[in-house]
Number of protein chains: 2
Amino acid sequence: MEHGADLLTYEDEFDGELIDFSSNINPLGTPKGLDKVLIKSFKDLVAYPDIQYRNLKDSIADYLGAKKENILVGNGAVEIIDNFVMAANSVTLMLPAFSEYEKRAVVHKKPIHKLYYKDDLTISMDAFNNLEEGTLLALGNPNNPSGLRIPKNQLMKIYEKVKEENAYLLLDEAFFEFCPEDYDSIEIFKQYDFESVGIIRAATKFFSLPGIRLGYGCGSEKKVEAIEKIQLPWSVNSLADAAGQYVLEDKKYIEDSKVYIEGERNFLLEGLEKIEGIKVYPTATNFILIKLINWEEEYVFNFFLKRGILIRKCSSFKELKGDHIRVAIKSRENNIKLLNIFKELEGEGEKR
Amino acid sequence: MEHGADLLTYEDEFDGELIDFSSNINPLGTPKGLDKVLIKSFKDLVAYPDIQYRNLKDSIADYLGAKKENILVGNGAVEIIDNFVMAANSVTLMLPAFSEYEKRAVVHKKPIHKLYYKDDLTISMDAFNNLEEGTLLALGNPNNPSGLRIPKNQLMKIYEKVKEENAYLLLDEAFFEFCPEDYDSIEIFKQYDFESVGIIRAATKFFSLPGIRLGYGCGSEKKVEAIEKIQLPWSVNSLADAAGQYVLEDKKYIEDSKVYIEGERNFLLEGLEKIEGIKVYPTATNFILIKLINWEEEYVFNFFLKRGILIRKCSSFKELKGDHIRVAIKSRENNIKLLNIFKELEGEGEKR
């Protein structure tokens with residue numbers, strides 16, 4: 001399973017509805033009132049979306065506290081990642097990471113340089129010692145699958161390093177809103193007019209809208225122009241356009257979600273810490289990476305599947321060596337179910 | 001104006017609602033009942049679309065009379081065009097043509113070979129005498145902006161030529177359903193297992209859904225696999241996925257639309273033939289290319305705009321030398337309005 005959430009493939013294996021812990025979506029569901037907004041937009045389907053996405057960009061600019069000229073929109077974060085990769089000379093990854101950075105680099109035949117997180121999946125500045133001149137350095141912030149949020153002082157050091165090498169820093173912040181309010185990279189980098197830095201976010205995870213395909217990002221005016229020159233026309237559909245304008249203004253949903261996720265993150269982490277035979281990585285976001293000490297990944301995956309829960313095997317992240325799983329943070333009810341199955345697994349004892 | 005239908009840009013120039021003749025969309029609007037289908041699909045927005053689009057591909061295969069293994073889906077026809085271009089060594093165009101063939105070739109740094117339609121915008125087989133080995137030959141069928149449907153015997157000759165040169169024929173048939181029922185390229189080429197040929201269609205034009213972004217296509221199993229390897233994941237959103245499954249089954253809408261367009265095409269062509277100072281190209285589809293003899297393009301564009309009608313200037317098609325416009329075929333009421341403004345223009349006499 002290359003990506004999470006290929007539910008259809010696994011539906012037959014369990015008699016009932018699977019609970020999807022493989023896909024890191026806000027458990028509060030979509031913001032209220034979205035249905036009405038979408039229904040009102042049905043009339044727009046007979047026309048092309050605004051090819052310049054003027055209203056959508058206004059909303060995003062407001063939401064991010066950035067200028068409209070610095071805003072990009074795309075068919076999910078992945079289209080924007082793809083466009084940045086296309087515009088790059090080479091791509092530098094830090095692994096383990098979201099598979100699409102490397103995949104898009106391969107598709108576009110870009111040279112790939114691989115850096116690695118430390119064993120504990122944090123960052124050592126030494127990793128950047130041989131950064132290639134002019135490369136696109138793509139970093140998840142927080143990173144997927146580890147959940148690591150780059151500490152602010154480290155981020156600034158990385159940015160300095162990137163500028164020294166005339167490189168470009170691409171921060172994939174698709175999970176930004178789930179994080180504790182430590183710093184906002186957009187607030188920081190807008191003071192530098194986004195020179196040598198691009199930041200990608202999305203409605204996908206936080207607004208629980210993976211089906212609608214809406215990503216957005218910030219870059220310098222010059223970079224935004226360059227990306228839009230290579231981007232496909234009308235890549236965001238009319239309903240995603242309307243949805244974006246609506247959900248970004250729902251301050252109550254945004255606040256409620258942050259509080260909810262923080263509560264459930266603490267609840268789930270606390271519960272998981274008590275389970276023997278696993279190692280839980282610290283996380284700043286709405287998913288948790290777990291190292292399996294006492295069991296094989298496949299065994300654990302099937303153990304949960306048989307009990308109606310789909311978790312994310314991490315063997316597609318080669319650096320994790322087939323002994324890691326990732327679980328999303330969901331509703332209290334489902335989180336309890338997850339913890340109970342972990343307890344059941346713990347009771348089985350080591351199986352290798 | 002690179003593409004049609006940038007309504008927002010022109011809205012201020014006319015006090016009232018513009019009638020958009022620049023965008024070639026089925027005037028019957030979207031199939032009935034689509035609203036309900038979309039509303040039912042809102043619940044799917046909290047999950048990723050099926051990454052393999054299994055149900056959608058089943059519907060398309062049924063509709064096209066092809067095998068599921070030969071089906072591609074995309075974020076509008078333009079994403080599929082882009083993917084074919086990416087997979088090509090070089091791109092051969094026949095001009096004038098839809099601008100995106102060339103634009104995507106430029107974006108992906110593919111060598112471009114330019115062939116030309118004859119002065120009357122029909123095809124001479126001589127044009128293919130120096131077809132480069134292994135090139136992707138992209139042809140609109142019917143072509144945009146001319147409305148030319150490639151005659152069947154000529155299409156077969158082109159296909160032979162393409163196979164001789166180990167090239168690849170990409171037929172952009174986004175306007176297929178508007179054509180008189182002469183032949184169906186999918187029926188023809190499925191007998192050859194789509195060897196060296198790809199055919200692209202879309203819900204955009206015929207099902208009046210440019211806002212939803214849904215294109216699809218056919219190719220050999222091998223080609224489909226190759227394209228899907230380079231395609232962005234989840235590029236069709238959940239609502240487009242559901243809409244596609246629904247509209248392709250609406251046989252009554254499909255039949256009614258064909259009859260309606262044929263009637264209005266005849267009505268509009270007959271009316272336009274009587275206007276002096278223009279030359280009307282024959283068309284197989286739902287738009288008409290017009291050469292201006294007595295006026296400049298810009299003058300005519302503004303003449304219509306002031307009267308509430310947006311037409312398509314064709315100066316972005318360089319081969320048309322700034323003296324062509326394109327109009328869509330719309331409802332009887334609007335077609336009459338268009339003809340009346342043409343009569344008014346005719347009354348003004350030559351202005352150059």
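Key figures
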{"item": "Answer from A:Lys229, A:Lys205, A:Lys223 - the residue that is away from every other protein chain (no Cβ under 14 Å) and at pLDDT 95 or above", "result": "A:Lys223"}
{"item": "Tally, over the stretch B:40-70, of residues that are more than 7 Å from every other protein chain (Cβ to nearest Cβ) and either closer than 17 Å to A:Pro210 by Cβ or not in a loop (DSSP other than H, G, I, E, B) (or both)", "result": "18"}
{"item": "Pairs with Cβ under 7 Å, 6+ apart, first in the stretch A:211-225 and within 27 Å of B:Ile51 (Cα to Cα), second part of a helix (DSSP H, G or I) and open to solvent by 20 Å² or more (accessible area, probe 1.4 Å)", "result": "A:Gly211/B:Asp44; A:Gly211/B:Val46"}
{"item": "Residue match in the stretch B:275-297 (condition: without any contact (Cβ under 8 Å) to a residue 60 or more places away in the chain, assigned to a helix (DSSP H, G or I) and open to solvent by 30 Å² or more (accessible area, probe 1.4 Å))", "result": "no"}
{"item": "Strands (runs of 3 or more DSSP E) lying entirely in the stretch B:165-219 (those with 2 or more residues that are open to solvent by 10 Å² or more (accessible area, probe 1.4 Å))", "result": "B:168-172"}
{"item": "Test: A:Ala97 is within 21 Å of A:Gln231 (Cβ to Cβ), surrounded by 18 or more Cβ atoms within 10 Å (Cβ to Cβ), more than 7 Å from chain B (Cβ to nearest Cβ) and in contact with a strand residue (DSSP E or B) (Cβ under 9 Å, 6 or more places away or on another chain)", "result": "no"}
{"item": "Flag if A:Asp20 is touching a residue at least 60 places away in the same chain (Cβ under 8 Å), buried (at least 21 other Cβ atoms within 10 Å of the Cβ), under 21 Å from the mean Cα position of the chain (by Cα) and within 12 Å of another protein chain (Cβ to nearest Cβ)", "result": "yes"}
{"item": "Residue match in the stretch B:251-264 (condition: open to solvent by less than 10 Å² (accessible area, probe 1.4 Å), closer than 18 Å to B:Tyr53 by Cβ and within 14 Å of chain A (Cβ to nearest Cβ))", "result": "no"}
{"item": "Residues of the stretch A:132-149 classified as in a loop (DSSP other than H, G, I, E, B) and closer than 19 Å to A:Gly219 by Cα, total", "result": "4"}
{"item": "Some residue of the stretch B:237-249 being within 14 Å of another protein chain (Cβ to nearest Cβ), outside any helix (DSSP H, G or I) and in contact with a helix residue (DSSP H, G or I) (Cβ under 8 Å, 6 or more places away or on another chain)", "result": "yes"}
{"item": "The lone exception for A:Lys36 - which of (1) within 11 Å of another protein chain (Cβ to nearest Cβ); (2) buried (at least 23 other Cβ atoms within 10 Å of the Cβ); (3) modelled with pLDDT of 70 or more it fails", "result": "(2)"}
{"item": "Qualifying residue in the stretch A:329-339 (condition: assigned to a loop (DSSP other than H, G, I, E, B), out of contact with any Gly (no Cβ under 8 Å at 6 or more places or on another chain) and open to solvent by 10 Å² or more (accessible area, probe 1.4 Å))", "result": "yes"}
{"item": "Test set (1) in a loop (DSSP other than H, G, I, E, B); (2) open to solvent by less than 30 Å² (accessible area, probe 1.4 Å); (3) within 29 Å of B:Val107 (Cα to Cα) - A:Ala105 fails condition number", "result": "(1)"}
{"item": "Count of residues meeting criterion [polar (S, T, N, Q) and under 21 Å from B:Ile288 (Cα atoms)] in the stretch B:240-278", "result": "2"}
{"item": "Unmet requirement for A:Ala88, which otherwise passes all of (1) open to solvent by less than 20 Å² (accessible area, probe 1.4 Å); (2) in contact (Cβ under 8 Å) with a residue 12 or more places away in the chain; (3) assigned to a helix (DSSP H, G or I)", "result": "(3)"}
{"item": "The stretch B:298-314, residues that are open to solvent by less than 20 Å² (accessible area, probe 1.4 Å) and not in a loop (DSSP other than H, G, I, E, B)", "result": "B:Val300, B:Phe301, B:Phe303, B:Phe304, B:Leu305, B:Ile309, B:Leu310, B:Arg312"}
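The values are calculated or read from the model by the stated rules, or taken from the named source; none is laboratory data. Predicted model only: the values in this text are computed from it and were never measured. Backbone-built Cβ (ideal geometry, glycine too); neighbour counts: all protein chains shown. The area values use the complete protein model at the heavy-atom level, side chains included, leaving out ligands, DNA and RNA. Shrake-Rupley method; radii C 1.70, N 1.55, O 1.52, S 1.80 Å.
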